[in-house]
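Heads up, the thing below is written out as structure tokens.
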Amino acid sequence: MSKVSPGIHIIGVALKERPTLARPPLFKVIAINDDYTPQVFVIELLQRYFNRTPSDAKQIMMIIHNEGKGVCGVYPRDVAETKLMQAINQARAQEFPLQLKLEEAND
């Protein structure tokens with residue numbers, strides 16, 4: 001045993017440096033406005049699949065309506081693709097033409 005300072009002994013413990021992991025790239029799920037999908041349906045999708053509060057969902061829906069598109073959420077690619085497909089499948093089940101797409105988040 002080697003003594004480092006009074007009361008502290010090193011017994012041969014090897015410390016390894018933890019590798020630094022890069023964060024996965026993030027993707028935005030973008031909803032595109034159309035003239036046929038009801039606003040209430042868009043709000044419900046935002047709450048159900050993107051975990052938005054009712055007030056956030058309404059605000060995002062208004063951005064989609066007024067600006068032509070809006071960000072539903074930002075996630076790693078696999079999560080974004082899953083949420084996008086869940087929302088599209090729900091829209092198709094209700095016979096709405098809602099379009100969603102992924103864009104890489106550069107922030």
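The values are calculated or read from the model by the stated rules, or taken from the named source; none is laboratory data. These numbers come from a predicted model, not from an experiment. Neighbour counts are summed over all protein chains in view; Cβ atoms, including those assigned to glycine, are modelled from backbone coordinates with ideal geometry.
When the stretch 90-103 is examined, which residues are found to be closer than 30 Å to Arg23 by Cα and either small (Gly, Ala, Ser) or exposed (fewer than 11 other Cβ atoms within 10 Å of the Cβ) (or both)?
First pass over the stretch 90-103, keeping only residues closer than 30 Å to Arg23 by Cα: 99-103.
Of everything in the stretch 90-103, nothing turns out to be closer than 30 Å to Arg23 by Cα and either small (Gly, Ala, Ser) or exposed (fewer than 11 other Cβ atoms within 10 Å of the Cβ) (or both).
So that you can scan it fast, the table gives a plain yes or no per residue for (1) assigned to a helix (DSSP H, G or I); (2) closer than 17 Å to Leu102 by Cα:
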residue: Tyr49; (1), (2): yes, yes
residue: Lys58; (1), (2): yes, no
residue: Gly70; (1), (2): no, yes
residue: Met85; (1), (2): yes, yes
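Quick check on my filter: what residues within the stretch 45-64 are of a type outside the set (Lys, Arg), crowded, with 18+ Cβ neighbours inside 10 Å and under 17 Å from Lys83 (Cα atoms)?
Leu45, Leu46, Tyr49, Phe50, Ala57, Ile60, Met61 - these are the residues of the stretch 45-64 that are of a type outside the set (Lys, Arg), crowded, with 18+ Cβ neighbours inside 10 Å and under 17 Å from Lys83 (Cα atoms).
Please verify whether the stretch 56-63 includes one or more residues that are farther than 20 Å from Glu104 by Cβ and under 14 Å from the mean Cα position of the chain (by Cα).
Checked against the condition, which is being farther than 20 Å from Glu104 by Cβ and under 14 Å from the mean Cα position of the chain (by Cα), the stretch 56-63 yields no hits at all.
Looking for whichever is modelled with pLDDT of 95 or more, out of contact with any Cys (no Cβ under 9 Å at 6 or more places or on another chain) and assigned to a loop (DSSP other than H, G, I, E, B) here; the options are Pro97, Pro24, Pro19. Which one fits?
Pro97 is the lone residue from the list that is modelled with pLDDT of 95 or more, out of contact with any Cys (no Cβ under 9 Å at 6 or more places or on another chain) and assigned to a loop (DSSP other than H, G, I, E, B).
Name every residue in the stretch 15-47 that is under 13 Å from Phe96 (Cβ atoms) and touching a residue at least 60 places away in the same chain (Cβ under 8 Å), in order of residue number.
Ala31, Ile32, Asp34, Tyr36, Thr37
Val74 is checked against (1) among the β-branched types (Val, Ile, Thr); (2) surrounded by fewer than 17 Cβ atoms within 10 Å (Cβ to Cβ); (3) part of a helix (DSSP H, G or I); (4) touching a residue at least 40 places away in the same chain (Cβ under 8 Å) and fails just one. What number does that condition carry?
Tallying (1) among the β-branched types (Val, Ile, Thr); (2) surrounded by fewer than 17 Cβ atoms within 10 Å (Cβ to Cβ); (3) part of a helix (DSSP H, G or I); (4) touching a residue at least 40 places away in the same chain (Cβ under 8 Å), Val74 fails exactly one: (3).
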